[in-house]
Amino acid sequence: MLDLIKEYGSYGWSILPVKPDEKRPYMQNWLQYTKERASTQVVSEWFTHLSGAGVGVVTGKISGILVLDVESTCPEPIEDILRKYPTNMVSRTGSGGYHLFFRYPPNRGRVSNRVRIFDGIDLRADGGFIVLPPTKHPSGGRYEWVSKGMPSVFPASILEAEAQPSNPSTETWISELLRGVSEGGRNDAAARLAGYFFKKGVSSDIVEALLMEWNERNDPPLPTSEIRTTIKSIQRNHAQDMLGPVRVEFEDDRAAAEKPKENTFDLIRMSDYIKGYGGDGVMWAVEDWLPEKSITFLVSPPESYKTWILLDLAVSISSGLPFLGSARVNQCGPCVIIQQEDSHLGLTERLALIANARMGNQLKLDSGEYTVPLNPDLPIYIHPSRLLRFDNPKVLEELEKCIAQIRPRVVMIDPLYSATSVDNYMAQSAEQMMVLKSWRDKYGCSFIIAHHSKKNTDPDSTAREDAWGSQFLNAFLEAGWQIRRSPKLQQNQIIARRHSKVMGNLPSVTLTFDISTRYPMQYAVAVGPVPGAETPSAATPAQSDIYDILKTGNLTQAELVSMTGKNKSTISRQIKQLEVAGSISKMPNGAYQINPNDF
C-alpha cells in the first residue's frame with residue numbers, strides 16, 4: 001500500500017485515505033484538498049497511523065485527471081465503451097464496474113461532475129473523488145488495476161456535449177434524481193442538484209431544506225453534515241463562477257419595528273425530534289476522548305500541559321491527524337481557539353511547533369544546507385482580542401455569527417474564568433453558559449472549556465469535585481478530562497482521567513511530553529497506562545463501583561464515602577441514579593441494599 005501511495009503521489013495526484021469498508025475519505029473536510037494537495041509527509045502520516053485505511057484520489061484539475069465511472073449495471077459492454085473512448089489507464093471497482101482515467105483537458109477552466117452522463121456512467125471531475133486499488137470495497141471485493149498505462153486526453157466530444165445549453169424540456173435527470181439514489185451516487189447527485197438550484201437563484205436555506213427532504217429518499221441517506229458541506233462547497237463555486245458582483249440579500253431596517261419577533265420557545269413532534277436529534281449511541285469526534293457535539297471540560301492545575309493538549313487537539317481536528325499521535329480523529333473540520341490567558345507570542349510558538357512537528361512541512365534551500373519550517377495553513381481560527389464574556393450579549397451575538405459562518409467542529413475556551421464575571425461566578429455563570437448548548441445543537445459543534453482545579457488537589461483523587469465551582473460544573477458538563485500531576489511521575493508526565501455522562505469512566509492514561517522550543521525543536525507525546533493501575537477492558541458506568549460494593553453487604557452513605565474515597569456529593573448523586581434505575585433501595589436503618597431482582 002505505501003509503495004502504491006508513493007507511486008500515486010508521483011503522478012501529481014491529490015491522495016486521501018479512505019474509511020475502512022466505505023467509499024469516502026476519512027476526513028469530512030476533504031474538500032480543501034480539491035484546491036491543494038497534502039504534502040508527502042502528511043500523506044505518509046495518514047497511512048502510517050490510520051489502520052486499515054484504503055486510498056483514493058481527488059479528481060479534476062488538482063490531480064490532472066477526469067474519470068468515467070462505469071457502473072456494474074451499465075447496459076453497454078466495457079469493450080464498446082473503450083472503443084469509443086480509448087485510454088490506457090483502467091481499473092476495476094470492487095463492485096464490478098470500471099474507472100476509465102483521462103488527462104485533464106488543457107485550457108479548460110472547470111469541468112463539473114455529472115451523474116448519469118450516459119446510461120450507467122458518471123463523470124468524476126473537479127471536486128470529485130474515486131477509490132483506487134487495492135482498497136477493499138464494502139461488498140468484500142477489491143479495486144484492482146486492469147491497465148496502468150498513460151491515460152488519454154479526455155474526449156472532446158463529451159466536453160462539447162456538456163457545454164451545450166440545457167433545454168428545460170429535456171432535463172429529465174432532475175425528476176430522476178429527486179426520486180432518490182442509491183449508495184455510490186449520492187454525493188454527486190447532491191452536488192448536481194445544489195448547483196442546479198443555485199443557478200436558478202434559490203437561496204441557500206431553501207436549497208438545504210430541499211436537499212434534506214430529498215436525502216430521506218436515498219438508500220441509505222447521507223449524513224446531514226455531508227449534505228451541508230456539499231451545499232457550502234457548491235455555493236462557493238457558484239459565487240466564483242458568476243459574472244459580475246455577487247448578489248447580497250439584506251433586510252430593510254426601517255421595517256424592523258413592524259416585523260414580528262421570532263418565537264424563542266418551540267415544540268416539535270416526536271418523530272421529527274427522533275429524526276433530528278437521534279443517533280446510534282455515542283459518536284466520537286476523537287476516539288475515546290471527545291464525544292461528537294458535546295460540552296467537555298478540561299480541568300487541571302497550573303503548569304500541567306493544558307494549553308499544549310488543547311493546541312494538539314486543534315491541529316489534529318483541523319488536519320485529520322491522530323490526536324496526541326494515537327487517537328483517531330473521526331470528525332475533521334475547522335477549529336476556533338479563544339485563548340484569553342497566555343501571551344500571543346507563547347501561543348503562536350506552541351501552535352507552530354505542534355503543526356510543524358505533525359505535518360512536517362519543510363523548505364530546503366541550497367541543496368539542503370538550510371532548512372526553513374513552513375507553517376501549514378490549517379483551518380484554525382484564533383480570537384486575538386480576548387473580548388469573550390458570557391455576560392456581554394453583543395459579544396455572544398458576534399461569536400455566534402462566526403460559528404455560523406465557519407461551522408467549526410470544536411470551539412475551545414481557555415480559561416473559563418476569563419469569560420465569566422468573577423464577582424458573580426457561581427450565581428450567573430450557569431445561566432449565561434447555556435447558550436453553548438443551544439449553539440451545540442444548532443451548529444453541531446463541540447465546546448471544550450479549560451478550567452483550573454482547586455489548589456492542593458490530591459494527585460490520586462478521582463473526584464470531579466476538585467474543580468472550582470464543582471456543583472455547577474458537574475451539572476453543566478457532558479464529558480470531562482481531569483489532568484493531574486503526581487510525585488510518582490516525571491516532570492514531563494501527567495495523568496489524564498476521562499469521563500462521560502453517557503459512557504461513564506474511561507481508562508486513565510499517562511501522557512509523556514517530549515518538547516523542546518530551542519533548536520533542534522521537538523514536539524512529541526506518548527500515551528501509556530498509569531503505573532500500578534489496572535487497565536479496564538472497556539468503559540464502565542460511573543456508578544458500577546458502588547453497585548459492586550453493595551453486593552458484599554448493605555452499607556450507609558457515610559460508609560460508602562469512607563470505602564470509595566469519593567466526595568460525599570458524588571456518592572449522593574450516584575446513589576440517586578441507582579435508586580432511579582431501580583437497582584438499589586434504602587432500608588429503614590438508613591443503609592442501602594441491592595434490590596433482589598437485580599441479582
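Could you tell me the relative contact order of region 2-164? Use alpha-carbon pairs under 8 Å, at least six residues apart, and round to a whole percent. Could you put the intermediate results ahead of the total?
On the way: 321 pairs, mean separation 42.4, N = 163.
It rounds to 26 percent for region 2-164.
Please report the relative contact order for region 544-598, taking Cα pairs under 8 Å with a sequence separation of at least 6, and give it as a percent rounded to a whole number. Each step should come with its number before you reach the end.
Working: 46 pairs, mean separation 22.0, N = 55.
After rounding, I find 40 percent.
Hey, which of these cross-link pairs are over 24 Å Cα-Cα: Lys488/Lys576; Lys200/Lys442; Lys401/Lys437; Lys6/Lys136?
Details: Lys488/Lys576 35 Å; Lys200/Lys442 28 Å; Lys401/Lys437 16 Å; Lys6/Lys136 19 Å.
Flagged as over cut-off: Lys488/Lys576; Lys200/Lys442.
Excluding Met359 itself, what net charge comes from residues whose Cβ is under 12 Å from its Cβ, given Lys and Arg +1 and Asp and Glu -1?
-1
Just in region 23-77: which GluC sites (Glu not before Pro) are loop by DSSP and have at most 14 other Cβ atoms within 10 Å? It would help to have the intermediate numbers written out before the result.
Details: sites: Glu36, Glu45, Glu71; in loops: Glu36, Glu71.
Here the GluC sites (Glu not before Pro) that fit, given the DSSP loop and packing criteria, are Glu36.
If amide H atoms are built 1.01 Å from N in the plane of the peptide, which residues on other chains or at least 5 residues away come under 5 Å of the amide H of Gly97?
Excluding prolines and chain starts, which carry no amide H, the hits are Ser72.
Tell me which trypsin sites (Lys or Arg not before Pro) from region 487-530 have a DSSP coil assignment and no more than 11 other beta carbons within 10 Å of their own.
Arg518
Go through region 57-67 residue by residue and turn each phi into a ³J(HN,Hα) via Karplus (6.51, -1.76, 1.60, θ = phi - 60°); whole Hz please, and just put x for glycine and proline.
9, 7, 7, x, 4, 4, 10, x, 9, 10, 10
Can you sort Cys335, Cys445 from fewest to most other Cβ atoms within 10 Å of each residue's own Cβ?
Ranking Cys335, Cys445 by Cβ neighbours within 10 Å, fewest first, gives Cys445, Cys335.
Starting with the fewest neighbours, write out Trp30, Trp289 ranked by other beta-carbon atoms found within 10 Å of each beta-carbon.
Fewest-to-most Cβ neighbours within 10 Å comes out as Trp30, Trp289.
Find out how many positive minus negative residues lie around Tyr98, taking Lys and Arg as positive, Asp and Glu as negative, among other residues whose Cβ is under 10 Å from that of Tyr98.
Values: positive: Arg92; negative: Asp69, Glu71.
Around Tyr98, the charge tally is -1.
Values quoted throughout were computed directly from the atomic coordinates according to the rules given, and no laboratory measurement underlies them. All values derive from a computational prediction rather than experimental measurement. In this analysis, Cβ positions are derived from the backbone assuming ideal geometry, glycine residues included, and neighbour counts consider all displayed protein chains.
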